[in-house]
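Everything below concerns the one structure shown next.
The values are calculated or read from the model by the stated rules, or taken from the named source; none is laboratory data. Since this is a predicted model, take the numbers as computed values, not measurements. A quick note on method: Cβ atoms are made from the backbone with ideal geometry, for glycine too, and the neighbour counts reach across all protein chains shown.
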Amino acid sequence: MTAPALPGAPFLAWRGHELTLEGHSLSALAREFGTPLYVYSRAAMRHALAAYTDALQGRAHLLCYAMKANSSLAVLQTFAQAGCGFDIVSVGELERVLAAGGSAAKVVFSGVGKRPDEMRRALQEGVRCFNVESVHELHTLSAVATGLGLRAPVSLRINPDVDAKTHPYISTGLKANKFGIAHDEALAAYRTAARLPGLEVVGIDCHIGSQITEVGPYLDTVDRLLDLVEALQAEGITLHHIDVGGGLGITYTDETPPDAGLLVRELLARVDARGHGHRELLFEPGRSLVGNAGVLLTEVLVLKAGGEKHFCIVDAAMNDLVRPAMYEATMGIVPCALRDGASRRYDVVGPVCESGDWLGRDRALAVEPGDHLAVLSAGAYAMAMASNYNSRPRAAEVMLDGPRAHLIRERETVSELFANEKLIG
């Protein structure tokens, strides 16, 4: 059988009939650790990060990993050790950063619905900045900071009404989206922030969406941000940093997103051309750092002939990987070991009691029960969105680091699923 292509998958390669990641046989890992199993390459994460850092050499900047993409502690540890900051959207994510050895001083706190207790904890830990998304939040944060005798550094997240040309569920920069402060209301919001007690205005922020595959929307966004920076400067409100967000896409099948280094260089050129090269730049990449660094391994349970289709039923399900069901996402699916013989077209589905429980449709596979499959590009918005639907324990996770394979998350047990529940006495 001809080895299937491996789009967008650094450090993933065929060695004879065996699929390997960072030199490790994925079939062997599936046998050793069981399935479903997430496997990540630390080298792939560092490789993706280097595309950003190399392009930013000599510039004042901070890369804040958008940890909602994958918040496993060993992943956070990898980026903390590389000097990254973090973009968080909850106090739970802050606690994960701290547990992984990250610094609160490099954390930007985003999110449209921060609670006062979350603000309080973040202030006490000394987060770098709050990305504020409404005037109401400004007043709440002012009250919390004043009550603690502290000043909260704030950056206003602006909604520029720029189309990121991505899936509507992950487009965040249009007028119809819930995120940020409308561009035409931004000056008034900054004036409010500048006069409220307990606040220190330090920056401007924007994030227009995820899985973006074009440079144009980023450049349009930066121009609109810089228009505001210049208008604020004329009013005596000086901003220390410009946060251009994240959202750069990856290759799942045939997408062709720009290289991260190219994107950074184009943004720097636009900022410099407008006379703002002296300002610190913040970036919030997530998917582009981890998406192609991970795979989901699953075992074939049953090959079933239906009336109109053939089904390859596997032990991973929509609770393990919800992207196909939620976003109609297409992700590569390949055998971990090649078989001789003709392939057949299957819908790859899980055992969850939902017709929406599918991982891939109409895939050409030569497989038998007991074989293992790899779902590619599963490092982002995969384990982070996993659930216990149908009372299914979540998968284990392994991090590859050179010759070593580290178990970074134990597989959940069924008893753990209801350990915090109580019967009525």
(message) Residue under question is ALA69, and the condition is that it be among the hydrophobic types (A, V, I, L, M, F, W, C), surrounded by fewer than 17 Cβ atoms within 10 Å (Cβ to Cβ) and outside the structural domain of LEU199 (by TED's automatic domain parsing); does it hold?
(response) no
(message) Checking GLY102 against (1) more than 19 Å from PRO10 (Cβ to Cβ); (2) assigned to a helix (DSSP H, G or I): exactly one of these is not met. Which one?
(response) (2)
(request) Kindly establish whether LEU29 is in the same structural domain as ARG363 (by TED's automatic domain parsing) and under 21 Å from the mean Cα position of the chain (by Cα). (result) no
(message) Among the listed residues LEU268, LEU282, identify the single one that is aliphatic (A, V, I, L, M), closer than 17 Å to HIS61 by Cβ and touching a Lys or Arg at 6+ places or on another chain (Cβ under 8 Å).
(response) LEU268
(message) If VAL295 satisfies all but one of (1) closer than 21 Å to ARG42 by Cα; (2) part of a loop (DSSP other than H, G, I, E, B), what's the number of the condition it fails?
(response) (2)
(request) Specify the residue that is nearest to HIS276 (Cα to Cα); the eligible residues are those in segment 230-243 that are out of contact with any Asp or Glu (no Cβ under 8 Å at 6 or more places or on another chain) and crowded, with 19+ Cβ neighbours inside 10 Å. (result) LEU239
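Listed here are the residues, each with its yes/no results for (1) in contact with a helix residue (DSSP H, G or I) (Cβ under 6 Å, 6 or more places away or on another chain); (2) without any contact (Cβ under 8 Å) to a residue 24 or more places away in the chain; (3) not in a strand (DSSP E or B).
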position: THR35; (1), (2), (3): no, no, yes
position: TYR52; (1), (2), (3): yes, no, yes
position: ALA80; (1), (2), (3): no, yes, yes
position: GLY92; (1), (2), (3): no, yes, yes
(request) Give segment 343-394 a look and list any residue that's within 18 Å of ALA5 (Cα to Cα) and surrounded by fewer than 18 Cβ atoms within 10 Å (Cβ to Cβ), or say none. (result) SER343, ARG344, ARG345, ARG361, ASP362, ALA364, ALA366
(message) Consider segment 241-274. How many of its residues are closer than 20 Å to ASP223 by Cβ and of a type outside the set (D, E, K, R)?
(response) 16
(request) Find the residue count for segment 237-283, including only residues that are out of contact with any Phe, Trp or Tyr (no Cβ under 8 Å at 6 or more places or on another chain), assigned to a loop (DSSP other than H, G, I, E, B) and either in contact (Cβ under 8 Å) with a residue 40 or more places away in the chain or not polar (S, T, N, Q) (or both). (result) 20
(request) Identify all residues within segment 284-327 that are of a type in the set (D, E, K, R) and touching a residue at least 24 places away in the same chain (Cβ under 8 Å); write none if there are none. (result) GLU284, ARG287, GLU299, LYS309, ASP315, ASP320, ARG323
(message) Just to verify a result, which residue in segment 383-425, among those that are β-branched (Val, Ile, Thr), without any contact (Cβ under 8 Å) to a residue 24 or more places away in the chain and outside any helix (DSSP H, G or I), is nearest to VAL290 (Cα to Cα)?
(response) THR413
(request) All but one of (1) small (Gly, Ala, Ser); (2) at pLDDT 95 or above; (3) not in a strand (DSSP E or B) hold for ALA13, so report the exception by its number. (result) (3)
(request) Identify all residues within segment 21-58 that are closer than 19 Å to ILE408 by Cβ, crowded, with 18+ Cβ neighbours inside 10 Å and not hydrophobic (A, V, I, L, M, F, W, C); write none if there are none. (result) GLU22, HIS24, THR35, PRO36, TYR38, TYR40, SER41, ARG42
